[in-house]
Structures are given as C-alpha cells and as structure tokens.
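The values are calculated or read from the model by the stated rules, or taken from the named source; none is laboratory data. Quick caveat, the model's predicted, so the values are computed rather than measured. Cβ sites come from the backbone with ideal geometry, for glycine too, and all protein chains shown count toward neighbours.
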Amino acid sequence: MNSTIILNLMLWPSLIGFIINGIFGSRMSKNLVGLIACAGPLTSFVATVIAFFSFRDTSTIVDLYTWFQFTKNIYVGFTFNIDNLSMLMMFIVSGVGTLIHIYSIGYMHEDKGFWRFMAYLNLFLFSMIILVLANNLPLLFAGWEGVGLCSFLLIGFWFSNDEYNAAAKKAFVMNRIGDLGFILAVFLIAKTYDTLDFKLLTQKFLESGLNTPVNIWITILLFVGVTGKSAQLPLFTWLPDAMAGPTPVSALIHAATMVTAGVYLVARMFAIFDMTPFTQQIIVYIGLATAFIAATIALKQNDIKKVLAYSTVSQLGYMVVALGCGAYITAIFHVMTHAFFKALLFLSAGSVIHGLGGEQNIANMGGLKSKMKWTHLVFLIGTLAIVGFPPLAGFFSKDEILAVAFSKNIPVFIGLGLCSVFTAWYMFRLYFSTFQGEYRGDHHKWDHAHESPMIMLFPLFVLAILSIIGGFFGMPEVISEHHAIDSFLKPSIFSKNVFHVSHTFDYMLWTLTVLVLALVMYLTYKRYTAKSKSAYDAQSEGIGKVLSNKYWLDEIYELIIIKPLRILSDWFNRVFERVGIDDVIQSPGFVLQRAAKGLGILQSGSISYYILSMIIGFIIFFLMFIKK
Amino acid sequence: MNIDYIFYLLTALTIICATMVVVSKHPIRSVLFLVATFFCISAHYILLNAQFLALVNIVVYAGAIMVLFLFVIMFLNLNKEVERNKSILYWLGAIVSAGCIFLMLVSSVGKVALTNGNIEKENYTLGLVENIGMSLYTDYLFPMEICSVLFLVAMIGVVLLSRKENKFTTNTVSNV
Amino acid sequence: MLLAIILILIPLIAAGLCFVSGKKIAPIVGLFGTMLSFFYFLYMLTVYNVRHELMYNTFFNWIPEIKGIFHVGIDGYSIIPLLLTQLVMLFSLLYALNSNSNKPASYFGLLLLTQAFLNGFFIAQNPITFYLFFELALIPIYFLVLNWGGAERKKAVFKFFIYTIFGSLLLLAAIIYIHSAIGANQLLSWKEFYFQKFPMHVQLYLLVAFFIAFGIKSPLFPLHTWQANLYSNSDKPTVIILAALMSKMGVFGLLRFVYPVMPAINVYQPTIITICIIGILYGALMAWRQTDMNKLLAYSSLSHIGLIAASIFVMNVQSIEGAMFQMFIHGLCVTGLFVVVGILESKSNSSNINDTSGLARIEPRFASYFFIITLASIGLPLTAGFIGEFYMLYGLSIDNILYSLFAGISVILGAVYMFRFYQSVMFGKLKNESLQSSSAINLNTEYILAIIALLVIIFGFFPGMWIDFAAFSFLEYSEYLPN
Amino acid sequence: MYKPDIIQYISLNHYLILGAALFAIGLIGVMVRKNIIIVFMCIELMLNAVNLILAATSTFYSDSGGQVMVFFTMAVAAAEVSVGLAIIVMMYKNIHSLNIDLFNRLKG
C-alpha cells in the first residue's frame, strides 16, 4: 500500500477523534464518544500492523508538506519516518493507547467531563504519534511539547481542585525546563551540522565521530530535555505529583508512553551519544541516582499510585542507565516491557480505586483478593513482571540492563542490583497490603467494594498476557540464539557497542534473583499482611523520616529556586520598578521641578521687588556699556 | 520776559506737582495734582509749538482719563481711606533706585551729544492741527484705523469685565 | 487602482465621516471603513509579487525647501504589520461595538484615524515620512485614552505622552542630523538611507537616539514604566491598539532604522542584547506576581517585545523572520487576551485575577478559545507562537548560544505566569455565583476569539509563506549590512 | 514762518532731563505707594514724561513722527486706563481693598 496513505492512517485518526469529540462531544451520547475516541488509536494500530508487514526493515520517509524552510539548507517539513524503531514505538503507543482508551470508557463513565477526557486522550495520542514518527527535530519537538500539554490538561482534568491544578502546572513547567535544554540542543545541532533531519544527522554524526566540546554540549542539553520529560534527577518531582490525574492518564502518559519519550529520543540520536563518553558517564550516574532515590522513596509511600509513580521513575532510571551504557536497544526493550507491566499495574490499581470508591491509601486496604479476583490476578502478574520474576517480561529486560551495566561498570551494576531489591520490596509490600491479609479500612467501603466491569477488565487481560510473553522477544543468548528485538531494531539503531557477559554470570544472576525475590516476598508477607496499620505510619526519625519526606526535594527546590525568584519578583514589583527605574528615568524631571520651585521664591508677587530687580538689571547693563 | 524763564518756571511747577502726586496721602489730592501736572505738560507742548498735542493732552488726559480716575475713587468711596505709610527705609530705597535711573538717563543724555535741531529742513508748523491731521490720515492711516479697533476691543473688554454675573473674573482672581 | 496611499485614505475618509455622522451611524461607518481597508489590503496582497522590491509607490515633493519627500509604498517588511493592523483594527472596532461608550461618533472616528496613521506608518518608505506618521499616530491615541478609560487615565496618558514625546524628539534630532549629513542627496527611500556610512561615534549617538525613541514606544526595559498603568487605565479597544499595534511601531522602527548603525551595534552587541534580555526576564518576573490582569499582560508584552527587539539587534535572516512573524502573532494573541480580559472584567467587575475563578465549567467555549490563545502566547509548537520564538531564539544563538539560553528562560517563565493567569481565572471552584448569571461572550467577541484562535493554529501549521515575506525583504536590504 | 523761541534759548537736553526727572518721580511713586490707583496714576505720569520727550524731539528735529507717536500713545493710554480701571474695580469687589500688597497671586 502507498506509504503516504498508511502514514496518514497512522497519524490523523486521533486528531480527527479529538476534533469531533472536542467540538460535538458534549452533545453526543457517551457510547458514541467512547467509540469515536477508541476508533482513532485502533486505526493507528491497524495501520501500524499494515506498515509492519509492508515496510519492515526499511526506512520510509513520507513528506507531507513544508512546515517551514528554516535556513537555506535546513528544510523542516511535516516529514515522517516509518522505520523499525518508530514502528515498535507505534505498536506500544497505539496498542497500549487503544487498551487504555477502552479501559477509560469504563473508568470515566460516570464523570461529567467524559467527552472532554476522551478528547484529551486522543489529542495526547496524536502528539505522541507525531513525536514517535517525526523525522526531524522540530517536528519531534512539536510532539514533545504536545504531550506535555496533554499531560497538563489531563493531570488537571478535575480542575475544580486547586491542588491538581498546581500539580499540572508543575508538570508542565518542569517539562519546559527540559524543553529549553532540548531546543538549545536543536540550535547547536542546526548551527554545527546544518541539518535537523534524523537520517542526515545520523550520517553526519557517524562521519564526524568526534568528541568535540560542541558535541558534548549538544548531548548534555539533549539530556536536559530527557531529564524533564523522562523524569530524571533533578527534574523528576513532577511525576509523583502528576498522579493527581485520573488513573488511565497515569497509566498511559506517566507510565507507558510519554515518559519514555526521552529514552526514545536518545535512541534516535544514538550516534551522537556514542561519540561523547563524557556525557554517557553523566547519563549513567544520573540514571542510577534517579533509580536509587525513587526506589527508596517508594519504600515508604502509602498512596497506591504514588508507589507506582516512584516505581516508574525508578524504572526510567534503569532505562537511562542502559542508554548511558550505550545499550540503546536494551533501553527500548525495557521501554516496551515496562509499558506492558506498568500500564497493567496502574490500570489494575485504577480498578482497585474504582472498586473502593476512590480510596488510594494502602493502609486502608487489605484482603481485597476475595472481592476482586481478576484484578488481584492481573496485579500479581504485573508485580511479578516488574520485580523480574522469571520468565515474565520484566525479568528479561531487567536482566539485560543489569548485564549491560555489569559489562561496563561494576559499581553501577551493584547499585542497580540494590535498586532491584528495593523494587521487589515495595512492589510486594504494595501487593500484600492491598490484596492479602485482612481489610483495614472503612467497612462501608468494604461492603461496596466490587470487581470492575468487563470493559475495564478486558484491557487488563490483554496487558497481563503481554506482560507474561513480552520478554520472550528479547531472550538472552544463553537461552536463544535469536534476540527478536535486537535484530528488529538493528536497522534503525546500528550502534556498534557490544556487550558481552559470560554465561556463568547470567546463571548466577538468575539464581540470585530468584533467591532474593523469595526472601523479600517472605519478609514482606510477614510484615504487611498484619491487621495493624502501624507499618504504614510515617516515621519520625532516621532514614524512614527522610524517605517518607521524599528527601525533602520539593522543599529544597522551593527554597533554592522558587522562593528567591518570588522574593526577587516581589522586590521588583514593590521597590525596584518604582525607585530603581521610574524615579531614575524621571530624575531629570524632578531636578527641573526642584529648580522651578527654587526660582519661584524670586517671584514674590510684590511689584516693588520686580521694579527694583528691573532697575538693578538696567544698571548692570548700563555699567557694561559705559565700560566700552 | 524771556522765554527761558517761562520754561524754567513751568518746569519747576511740573516737578513740584508731580512730586505732590507721589507724596500726598489723600487719593483725591493726588488726582488733582496729577491734573495740574498734565496742565503743565500741556503748557510745555504749547511752548514747543505742538498745539494739537496740547489740546488733546488736556482733553484726553486731564479731562477724560483723570475724570475716570476721580470717578473710580469716588465710586469706590476711597476718599476716607488713608493709606498707611511705608517705612522711611522703603522711601529711601525707592528714591535711591529712581535716582540711579535718573542719573543713568542724564548721563546718557550727555553721552549721546544731540545736535540742536535739523536746520536744513526747518518746519515748525507740523504741530498744527492741519499738519498733524494730514500725516495721520495719509502716512499713518493704518495705525489710526487699528487704534479704532483697539478702542472697540477695550470697550468690549470693559463691558465684559464689569458685567454683574461675571463668574470669569471672580474665578480668575480667586483661583489663580 | 492599487496604491498604498489608498490604505491611508480609506480610514481617513471614514474617520471624517464618523466624526460628522450621528450616534447610530458612526459605528457602522467605522466598521465599514475598516472592513473596506481590510479587503482592499487583501486584494493588494493577491496581486503582490514578493520578489518585487517595492510596489504601489506614491511619492511627491512634500517640503521642497528641506528636500523632504513624501514616499509610501509596500515592501516585504510592510506586509505583515499591515495585515496585523487591518485585522487588529477590525477586532478593535468589533469589540468597541458592544462597549457602550459615550460619544461613539468621535470614538470610532479616532479609532479610524489611528488606523489611517498606523497604515501610513507601516508603508512609509523614507525616514521623514516615517517620522510624520510616527508622530501622527500618537494624537488620536492620546485623545482615546484621555476621554475613555479608567480612573487614573489622565495621569497615565500624560506620562505616556511625555515619554513618547521625549523619544520622538531624539528621533527627530537624529533624522535632522541624517538629512543634513547626507547633504545634496534626497532620501527618497530606505535604500538611500541604508547606503549612508556614518563615522563610528556618530553611529553610537544615532544608536542611542534610536534605542531610546523606539524603546519608549515599544516599550523596552528600562523605558517601560508608563506601560502598565496606561494599559490598565485605557478602554479595551484602545488598549488592544496600544498593545498590539503601537508596541509593534517601536520594534518596526528599530527594524527600519538599525541598518546604518549596524557596525555600532556589532561593537556594542553584548551590552545591547544584555539589556534586552534583562528586560525579557524582568518582564516575565514582574508578570508572574501581578494580580491585575491588564498589568500582567502589560509585563508579558514587555517580555515578548524584548525578545523581538533583541532578535532585531542580532540581525540575521532567521532572527528577522522570527521577529516579523512574532510581531504578527504577538499582536493577535495580545488582542485576544485583552478581549478575554475585557470579558472577564465585565463579568466580575474587577480586573483582579483572584476575583474570578472556575469559569471553565460554565463557559467551555470561551475557555477553549482562551486556552488556545494562551498556548500561542507561550509558544507551544503547532501554534504560531512557536514558529516566531524558534526562529528568534535560533537567530540569537547564531551570535551566542548564551543569549538564547537566557532569553529562553522567558519561555519557562511565560508558561508559569500565563498558566497562573489561566488557572486562577478559569479553573478552581466557581467562587462567585453571580458569574453564572450572564453569558460571558456575545457574538462579536466570540467571532474575534474564534478567528484569532483559528489563525494562530493555521499559522502554526502553515507558517511558510508569511515568513518568506520578511525573508525576501531582509535579503534585499541586507546588502547594505556591513561585511 | 513762525519759529518757536524756545529752540533758540533752550536745548533739547533740558527737555530730556525734565522727562527723566518726571519719569524718576513716577517710578518712585510706583515703588512706594500702596494704593493701586495711585500706582496707576504714577504710571500715567511716567507715560507723560515719555510723551513730553517725544514731542520735544519732534519739534527740535522738525519731524511729525514724534507727535503722531504721542497721539497714538495717548490713544493707547486711554484704552489702557479704561480697561485697567475696570479690572481694579473688579478686584476691589472681590477683596475689598486696593492695597497692592494683597495682589500677590503671582507669587511663586
């Protein structure tokens, strides 16, 4: 089939859905709205499947029209690139997107703004598809900011609540900080390489292959963009707050797709990252630090969504470490599996919240497995997948990242290993305190607790299956000769980095994993199935206090950035504007006014004085003439 | 009697009357002395063979203007009001400064060295009514007409100023 | 017959008709006049050949004694501001239709007079004609603010007037100097002006004069202190003209006048750009803490105009294209935002952002227009605001990437203050029940907002042609740039 | 032709000095008197001093210009006096005094 038609089918349906729902949604029935909304991503998904069979292993460029001619050589068009990497991302985005749209129909059905919600989701999907398919940096940036905007809209979806609005604004602004880095990187690239087209850029990067300061700056600035979008240190604090949005939003945007955009970007620009080892070092350590800090914070959180949010941040840290090591395909692999199991976890958490009528605190849950059989099952699958229980999805991807880290940098490997233990701990804690043990909360809610409707369960099942089988696409060479993801992405990401670990290491790692998981499972089971709530209390001293306060990161930012700015701005407003600028500029006027006042004294109003001064003037003149 | 005696006598009279204008306490007396001064000046004009000016001076100044002054003084009932004298220092200062001006003028009179008349084209009849009239209505016709406009304006101004319900004047005086 | 001068004459005649017509007819006459000039301009555009240097010329010997020539015509630089003027004036008049002001005849007459002079300003083709319209445009605005507006309008407009007159004086001095320095030649068009080479110290004086004259008009930091008060004290149609068009006069003037002083600018570039960037950040920070909507927009305008001015000073093709495009988009956005403010003020009788909240729930359409305009003004991609900012920041980065870094911070702060404004007005709980009673937007204002929202999206997707207008002119004039 | 005797016996300087003396006396009056009407009258006196000089020069130089000038001065003086007195009357109506020290509204 014609590539343009396929591309149009991939790109526009969600936008059309957005326009229809956005304009007419309030007057249409909810079912119709839901149908139109789901049709968009589904069409994209189908088109992607067709594209997969038509254009596999090629890079098909489709140029729709000229967006703008930036400089003489830099053409910026609505140009899209269908290659294996973008197709894989499209599968994730449109596939998970479709499932979450379907789920949302059930989850948001009672909400008054249902049509609005579905429209925003569609818009988000459109932006994300632009981001994924874009063939040049400005267009990618358009999608990049577009998803940020939709994230803003969806976090603040219930806009009557000012806290949610603040969270939405925080997310957008922190993303914008990253975006500034991104756009500066774009400028540097345009200045240095005179093109913004990915294909040409990759070529030029590979040709030049230099570790010049400019390249280092480009990569660092790009990575600043990544820290904003993919919630890395120091800009990750918006992501936990972003849980203010409805749960499907958290699943789609803040777990499966948008936050992985940064990973995708680095994978796209792999060539330039490959030639700047300095930046790679930075990336590795930032990823590790993010993974570690987020994992430790997650240990002490009681909000079911917050735990998952910090877990997402931590997992993104894993991916970033992989990127820093140069293992771009591994990172994308983890993006994929993470999309499956994290979406699954969020959606099932949403199912729990839905069933309990909005309750999010795990201290008030427990024993829900009897009430929500299916949810419990899929949540368990998700948990096992994320902690890396063989042979579920997370096992393979995480194992690969650990192996990559081991081959590059042993301390980082140890750090990541520790994070894995933390991951296991907080995930099992979450699981046990939600579904096992006894119910600890309000009995009124218990009586009303119910399993979610089929329309919400169906996506869960699909995601559960994907979480189970997702890992088989990337089995390590110990098991299978064929690493499907690796060979699929090689045409797009032809990085020359090789990572070799001995088979012994693999076996040791697996054994260790299983042992540690069993141990953690036992310990958490003991601790969190108890009836008492004491295990959930915020601790007032020691490390516990630091963790439950999230290292006071928000407070620190408030203190060192926002507060000085606010004080400065207030000072500008109250003092500087008036005294520093206005008065200085008008000072000649004041001087004149003063002088006029002073001279006014001479104007006594008495005629005698005037005549006297006149006579004095006469005499002076007369004497002057006399002299001559 | 020689004509220069007449001149000196007249001059002395003029100065005395003028001084009396300044020093007399009563306004009416001032007015009357001023009228006397004007008569003296008119006499000077006659000495200078400027008969027309002498007549006009008497009619306009001593007649019309001074009557206007008198009228105003009486209208405002000022004849009882006795002005409080300014201090002697004030007088002294005024006399000194006026004296300076006087000296300045006199010394400049000495410097300028005027000749005693234009002998070549002597024409001593130009002060007569006929000759003045001729030059007014030929050479100076335009200023003459402008003068009439000036009088018209002055008349309108006076009427405007002395209207009963004149808010404008009230405001300007109290608000400036 | 296609002549640029007709763009002046149509509003001028309509203004005259407005002044003499009655209460009921004046708005119709005014609207008809501005529509006529709008469509006339559109018709001109269809025939306009972008590669042709100057079209639709008119010139005559205006003051022969000083070789002052009146010359108007349309070149690539004029197109975008002209289109903006016609559009914004149309919106301004449409908006003025529902504000029930007293003395509508003179009100609409003055509005049209402004349009005539602004058109003249943008099509002026030599310094002296430029100066003529630069001054003339001030007169109707002065009376507009003086007679219609808020409580402190007299004070505000007096300050504005004094500032502007001071700037104009410097400009006049500079123009007189240039005329006398050029000697026997006549300044027929800009090219002859750009052709002149002045000694370095003279260039510096001229640069200071231009910076102050146009910096006051724009306004640029630190000459902006008249702005906030004036904006919050003028009538909405007037403030739309002030913010959307008068501010463009300043930067447009810079664009016209900086060519001969480019060597001096290149020498003092770090200082000049730093002043501009301080202004950008200062405006953004000031806007962040304002509670008065008008003042917030005034300071945000300061920030945006600062960026435009900075990119004019670096003078390369991207920065100029971006500046021209951003002039247009900023004009549109600020028009939309002031219309929004006008609506909000009429709803809650207050210009404080804390006095209105939660409007999005009852006015979804209004909320979406407002949101799109907000997005354009913070430069989100796929709205037109992005294109301009992208070009300008890139233009700055050609000279020094640090310029774009610091100027780019305003993009972050822009999101902060605009969303603060939007969220506190549209989101949150519906505090004041009286807001619910009357519908916010009537048909006129809805048209305005919808057209602006549509335009910023269309220009976001298809900016190509509009950017080219500026590019062709730039390339043509840039042969006069040093090196 | 009649020739006035005065030209033979008295020089123009005499007239100039007389005019200067009258002018100085008028000036003293303007400076020291408080009654605004008297001040006004002193101004008239100064005006006449100048008139006298003009007339004298006219005669001594046989030029009618000086006398015509005097005529116009008188005309202007008449107009001035009428308006001035009207103003004085108005002012008196407002502040019920003619003391010149009270008319100091122009004080800076």
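Values computed for the structure shown
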{"quantity": "Set A:86, A:94, A:127: member being part of a helix (DSSP H, G or I), of a type in the set (Ser, Thr, Tyr) and more than 15 Å from residue A:17 (Cβ to Cβ)", "calculated": "A:86"}
{"quantity": "Those residues of segment B:25-59 which are farther than 26 Å from residue B:130 by Cβ, at the interface with chain D (Cβ under 9 Å from one of its Cβ atoms) and small (Gly, Ala, Ser), in sequence order", "calculated": "B:30"}
{"quantity": "Failed item, numbered, when residue C:71 is tested on (1) over 18 Å from the mean Cα position of the chain (by Cα); (2) part of a helix (DSSP H, G or I); (3) buried (at least 20 other Cβ atoms within 10 Å of the Cβ)", "calculated": "(2)"}
{"quantity": "Every residue from segment A:558-577 that is facing another protein chain (nearest Cβ under 8 Å) and either touching a strand residue (DSSP E or B) at 6+ places or on another chain (Cβ under 6 Å) or not hydrophobic (A, V, I, L, M, F, W, C) (or both)", "calculated": "A:566, A:569, A:570, A:573, A:577"}
{"quantity": "Any helices (runs of 4 or more DSSP H) falling wholly within segment A:183-245 and containing at least 3 residues that are away from chain C (no Cβ under 13 Å) and under 19 Å from the mean Cα position of the chain (by Cα)", "calculated": "A:213-229, A:238-241"}
{"quantity": "Residues of segment C:175-211 satisfying the condition of being touching a residue at least 40 places away in the same chain (Cβ under 8 Å), buried (at least 19 other Cβ atoms within 10 Å of the Cβ) and assigned to a helix (DSSP H, G or I)", "calculated": "C:175, C:178, C:190, C:193, C:194, C:203, C:206, C:207, C:210, C:211"}
{"quantity": "Failed item in (1) closer than 23 Å to residue B:58 by Cβ; (2) aromatic (Phe, Trp, Tyr); (3) within 14 Å of chain A (Cβ to nearest Cβ), with residue D:103 passing the rest", "calculated": "(1)"}
{"quantity": "Helices (runs of 4 or more DSSP H) fully within segment B:74-176 counting 1 or more residues that are at pLDDT below 80, touching a helix residue (DSSP H, G or I) at 6+ places or on another chain (Cβ under 8 Å) and closer than 25 Å to residue D:66 by Cβ", "calculated": "B:88-112"}
{"quantity": "Condition check for residue A:555: free of Cβ contacts under 8 Å to residues at least 12 places away in the same chain, more than 13 Å from every other protein chain (Cβ to nearest Cβ) and among the charged types (D, E, K, R)", "calculated": "yes"}
{"quantity": "Identity of the residue in segment C:41-52, assigned to a helix (DSSP H, G or I) and surrounded by 15 or more Cβ atoms within 10 Å (Cβ to Cβ), that ends up modelled with the lowest pLDDT", "calculated": "C:44"}
{"quantity": "Qualifying residues in segment B:1-24 (those that are in contact (Cβ under 8 Å) with a residue 40 or more places away in the chain and at the interface with chain D (Cβ under 7 Å from one of its Cβ atoms)) - the one surrounded by the fewest Cβ atoms within 10 Å (Cβ to Cβ)", "calculated": "B:3"}
{"quantity": "Among the candidates A:154, A:99, residue that is within 16 Å of residue C:360 (Cβ to Cβ) and either touching a Phe, Trp or Tyr at 6+ places or on another chain (Cβ under 9 Å) or buried (at least 24 other Cβ atoms within 10 Å of the Cβ) (or both)", "calculated": "A:154"}
{"quantity": "Considering residues of segment D:79-94 that are at the interface with chain B (Cβ under 7 Å from one of its Cβ atoms) and more than 15 Å from residue B:70 (Cβ to Cβ) only, the residue farthest from the chain's Cα centre (by Cα)", "calculated": "D:94"}
{"quantity": "Leading residue by the ranking (farthest from the chain's Cα centre (by Cα)) among those in segment A:60-96 that are of a type in the set (S, T, N, Q) and farther than 26 Å from residue C:318 by Cα", "calculated": "A:60"}
{"quantity": "Unmet requirement for residue D:50, which otherwise passes all of (1) buried (at least 19 other Cβ atoms within 10 Å of the Cβ); (2) farther than 25 Å from residue B:71 by Cβ", "calculated": "(1)"}
{"quantity": "Subset tally (residues that are in a helix (DSSP H, G or I), more than 30 Å from residue A:177 (Cβ to Cβ) and of a type outside the set (A, V, I, L, M, F, W, C)) for segment A:569-594", "calculated": "8"}
{"quantity": "Matching option when the condition is at pLDDT 85 or above, at the interface with chain B (Cβ under 7 Å from one of its Cβ atoms) and out of contact with any Ser or Thr (no Cβ under 6 Å at 6 or more places or on another chain), among D:70, D:50", "calculated": "D:70"}
{"quantity": "Total residues in segment A:287-325, condition part of a helix (DSSP H, G or I), over 14 Å from residue A:412 (Cβ atoms) and hydrophobic (A, V, I, L, M, F, W, C)", "calculated": "11"}
{"quantity": "Every residue from segment A:525-568 that is surrounded by 15 or more Cβ atoms within 10 Å (Cβ to Cβ), at pLDDT below 85 and within 30 Å of residue A:177 (Cα to Cα)", "calculated": "A:546, A:547, A:548, A:549, A:550, A:553, A:554"}
{"quantity": "Number of the exception - residue C:344 against (1) within 14 Å of another protein chain (Cβ to nearest Cβ); (2) of a type outside the set (Lys, Arg); (3) touching a Leu at 6+ places or on another chain (Cβ under 8 Å)", "calculated": "(1)"}
{"quantity": "Helices (runs of 4 or more DSSP H) fully within segment C:237-309 counting 1 or more residues that are under 18 Å from the mean Cα position of the chain (by Cα)", "calculated": "C:247-257, C:269-288"}
{"quantity": "The one condition in (1) touching a residue at least 60 places away in the same chain (Cβ under 8 Å); (2) under 25 Å from residue A:134 (Cα atoms) that residue A:273 fails to fulfil", "calculated": "(1)"}
{"quantity": "Given (1) more than 30 Å from residue B:133 (Cβ to Cβ); (2) at the interface with another protein chain (Cβ under 7 Å from one of its Cβ atoms); (3) surrounded by fewer than 21 Cβ atoms within 10 Å (Cβ to Cβ); (4) touching a Leu at 6+ places or on another chain (Cβ under 9 Å), number of the condition residue D:11 does not satisfy", "calculated": "(1)"}
{"quantity": "For residue A:498: the one exception among (1) within 29 Å of the chain's Cα centre (by Cα); (2) in contact (Cβ under 8 Å) with a residue 24 or more places away in the chain", "calculated": "(2)"}
{"quantity": "Matching residues in segment C:376-392 - criterion: being of a type outside the set (Phe, Trp, Tyr) and more than 7 Å from every other protein chain (Cβ to nearest Cβ)", "calculated": "C:376, C:377, C:378, C:379, C:383, C:384, C:385, C:388, C:389, C:392"}
{"quantity": "Pair list, Cβ < 7 Å and 6+ apart or interchain, from segment B:33-61 residues that are farther than 16 Å from residue D:44 by Cα and touching a residue at least 12 places away in the same chain (Cβ under 8 Å) to residues that are of a type in the set (Ser, Thr, Tyr) and not in a helix (DSSP H, G or I)", "calculated": "B:49/B:124"}
{"quantity": "Residue ranges of helices (runs of 4 or more DSSP H) in segment C:379-483 with at least 3 members closer than 19 Å to residue C:317 by Cα, more than 20 Å from the chain's Cα centre (by Cα) and at pLDDT below 85", "calculated": "C:464-477"}
